[in-house]
């Protein structure tokens with residue numbers, strides 16, 4: 001057992017007293033340095049950043065759990081969230097200690113072997129904090145002796161990793177204008193980088209970096225270009241001032257290129273594209289930013305003048321592989337708009353794009369990846385629906401199989417309703433609403449209206465397919481069909497296992513090469529996050545959140 005892990009258990013048993021100085025000394029020797037995060041693959045027993053590594057592949061070299069023994073998995077401990085709702089936290093595991101968030105803005109340090117809580121920090125949000133689609137917080141980042149969390153009232157907080165006490169707090173955005181942070185921060189070198197939510201409230205989105213030691217702002221990149229900046233011409237009049245383009249999912253980082261990559265959300269108002277003519281850069285785009293300065297190096301826009309709320313807030317997954325016989329640095333992207341893309345992450349050049357579900361808002365992509373827009377007549381359905389063909393759920397890539405894994409929503413569409421709307425500070429800025437068309441008769445649900453900013457996604461009934469995509473062709477090698485839709489992310493391991501879940505509460509282990517279901521457990525609540533895996537004292541664990549409970553599995557003793 002790790003020394004820090006042991007000392008935390010002892011300190012809870014006998015009190016702080018004389019052990020505090022010893023604990024501090026040990027913690028300093030086991031700090032999470034930038035170098036450790038950079039080389040996370042070298043210590044697969046830990047899970048040091050949101051997606052496991054800077055490449056965001058969610059692949060682990062751990063192989064103790066295999067297709068032969070996966071049937072022997074059992075629950076070792078369960079932790080209940082104290083706040084009702086879909087729990088979307090992503091644990092960070094460092095040397096046997098798990099750092100997690102619970103709704104809305106609590107941070108806990110937990111024994112990764114037993115689930116015992118060592119400490120909890122609770123942030124009380126401003127009363128007027130607004131988050132579009134659930135009071136979620138997707139996790140923390142760790143660097144040195146600090147844990148970092150963004151808050152729903154748009155602050156960034158540094159917390160002492162040993163005792164859970166706050167060290168500093170800075171305001172990132174103005175809560176009065178409905179800025180928020182729901183993503184897990186990204187650590188790059190000596191900086192903590194976060195993006196802001198609020199795309200449904202008429203914010204002007206941005207990504208910002210802060211000094212990890214002091215909280216001082218290092219740089220800020222606005223995802224809507226201002227006056228005189230390239231791309232500003234893609235907005236008309238003053239539409240850019242309240243154009244949305246939020247960033248609410250953790251990005252990726254290529255240390256060789258010194259570039260961070262971020263998926264940017266929808267323009268505002270969401271469903272009235274005619275109210276904001278133009279491409280509306282950099283909404284629905286991926287942006288590549290210099291990690292030291294925040295300077296934009298390139299961008300690629302997936303859905304210009306998006307009127308469907310498709311956004312591009314997915315995880316930029318980075319792989320190094322041959323492309324047309326040449327070793328290449330690539331980015332794989334299953335977009336909410338129904339197309340799968342391969343981009344050159346050095347230049348942003350479009351290499352491949354193919355639809356992976358039914359698409360009728362576009363008739364295809366041109367040689368540069370720009371869609372041929374085919375808006376549907378008023379009252380007619382648009383495929384894919386408003387939830388998208390996929391969404392923010394983290395995908396995975398296995399270097400062993402060469403396949404890209406993600407959840408897809410099939411067989412549902414949306415009928416949109418556009419309305420002219422004036423911007424009001426802090427109020428929902430949606431420009432209409434939608435009705436969901438589903439395969440089941442009478443199952444259609446009414447979507448967000450101008451006065452009802454709560455999305456009832458549970459009414460959006462289609463079905464899910466777990467897709468294993470060949471990045472070289474954009475074709476699915478296999479699909480695992482699910483009866484219900486899925487909001488789950490993916491995890492692959494060196495034993496060729498794929499772990500994922502479904503909205504109906506089943507936790508699955510599949511053969512990553514063939515898609516064969518090898519094992520499943522019924523956990524009773526929807527799974528809306530990706531599993532993680534780690535190892536303590538030679539035992540491999542797998543943790544997943546179902547409903548408002550977190551369960552950790554390992555092989556039977």
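A few comments on the model shown:
- Those residues of segment 275-304 which are under 12 Å from residue 243 (Cα atoms), touching a residue at least 60 places away in the same chain (Cβ under 8 Å) and surrounded by fewer than 24 Cβ atoms within 10 Å (Cβ to Cβ), in sequence order: 275
- Identity of the residue in segment 239-260, in contact with a helix residue (DSSP H, G or I) (Cβ under 8 Å, 6 or more places away or on another chain) and in a helix (DSSP H, G or I), that ends up surrounded by the most Cβ atoms within 10 Å (Cβ to Cβ): 240
- In this structure, residue 104 does not satisfy being within 30 Å of residue 127 (Cα to Cα) and in contact (Cβ under 8 Å) with a residue 60 or more places away in the chain.
- Residue count for segment 182-229, restricted to those that are within 24 Å of residue 314 (Cβ to Cβ) and free of Cβ contacts under 8 Å to residues at least 24 places away in the same chain: 1
- Pair list, Cβ < 6 Å and 6+ apart or interchain, from segment 62-79 residues that are over 11 Å from residue 556 (Cα atoms) to residues that are part of a strand (DSSP E or B) and modelled with pLDDT under 95: 78/549
- Residue selected from segment 112-140 under the condition buried (at least 18 other Cβ atoms within 10 Å of the Cβ) and touching a helix residue (DSSP H, G or I) at 6+ places or on another chain (Cβ under 7 Å), by the criterion farthest from residue 180 (Cα to Cα): 118
- Of all residues in segment 426-479, exactly one satisfies the criterion of being modelled with pLDDT under 50, assigned to a strand (DSSP E or B) and touching a helix residue (DSSP H, G or I) at 6+ places or on another chain (Cβ under 9 Å), namely 446.
- In segment 166-181, the residues that are more than 22 Å from residue 214 (Cβ to Cβ) and either surrounded by 17 or more Cβ atoms within 10 Å (Cβ to Cβ) or touching a helix residue (DSSP H, G or I) at 6+ places or on another chain (Cβ under 8 Å) (or both): 175, 177, 178, 180
- Taken over segment 218-238, the criterion of being touching a strand residue (DSSP E or B) at 6+ places or on another chain (Cβ under 7 Å) and outside any loop (DSSP other than H, G, I, E, B) is satisfied by 218, 219, 220, 221, 222.
- Condition met for residue 343 (buried (at least 24 other Cβ atoms within 10 Å of the Cβ), over 30 Å from residue 428 (Cβ atoms) and under 19 Å from the mean Cα position of the chain (by Cα)): no
- Filter pass, residue 88 being within 20 Å of residue 533 (Cβ to Cβ), surrounded by 14 or more Cβ atoms within 10 Å (Cβ to Cβ) and modelled with pLDDT under 95: yes
- Just one of the listed residues (4, 12) is farther than 26 Å from residue 530 by Cα, modelled with pLDDT under 95 and surrounded by 18 or more Cβ atoms within 10 Å (Cβ to Cβ), and it is 4.
- Every condition in (1) assigned to a strand (DSSP E or B); (2) within 18 Å of the chain's Cα centre (by Cα) holds for residue 393 except the one numbered (1).
This table checks each residue for (1) touching a strand residue (DSSP E or B) at 6+ places or on another chain (Cβ under 8 Å); (2) within 20 Å of residue 85 (Cβ to Cβ).
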{"residue": "123", "(1), (2)": "yes, yes"}
{"residue": "126", "(1), (2)": "no, yes"}
{"residue": "134", "(1), (2)": "no, yes"}
{"residue": "141", "(1), (2)": "yes, no"}
{"residue": "147", "(1), (2)": "yes, no"}
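- Test for residue 215: is it touching a strand residue (DSSP E or B) at 6+ places or on another chain (Cβ under 6 Å), surrounded by fewer than 21 Cβ atoms within 10 Å (Cβ to Cβ) and on the phi > 0 side of the Ramachandran plot: yes
- Only residues that are touching a residue at least 12 places away in the same chain (Cβ under 8 Å) and out of contact with any helix residue (DSSP H, G or I) (no Cβ under 8 Å at 6 or more places or on another chain) were counted across segment 26-46, and they come to 12.
- Count of segment 413-423 residues which are outside any strand (DSSP E or B) and either in contact (Cβ under 8 Å) with a residue 24 or more places away in the chain or buried (at least 23 other Cβ atoms within 10 Å of the Cβ) (or both): 4
- Of all positions in segment 15-28, none carries a residue that is at pLDDT 95 or above, surrounded by fewer than 16 Cβ atoms within 10 Å (Cβ to Cβ), more than 19 Å from residue 164 (Cβ to Cβ) and more than 22 Å from the chain's Cα centre (by Cα).
- Only one of 158, 154, 209, 184 that is surrounded by 23 or more Cβ atoms within 10 Å (Cβ to Cβ), touching a strand residue (DSSP E or B) at 6+ places or on another chain (Cβ under 6 Å) and at positive phi: 154
The values are calculated or read from the model by the stated rules, or taken from the named source; none is laboratory data. Keep in mind it's a predicted model, so treat the numbers as computed, not measured. Positions of Cβ are generated from backbone atoms using ideal geometry, with glycine treated the same way; all protein chains shown enter the neighbour counts.
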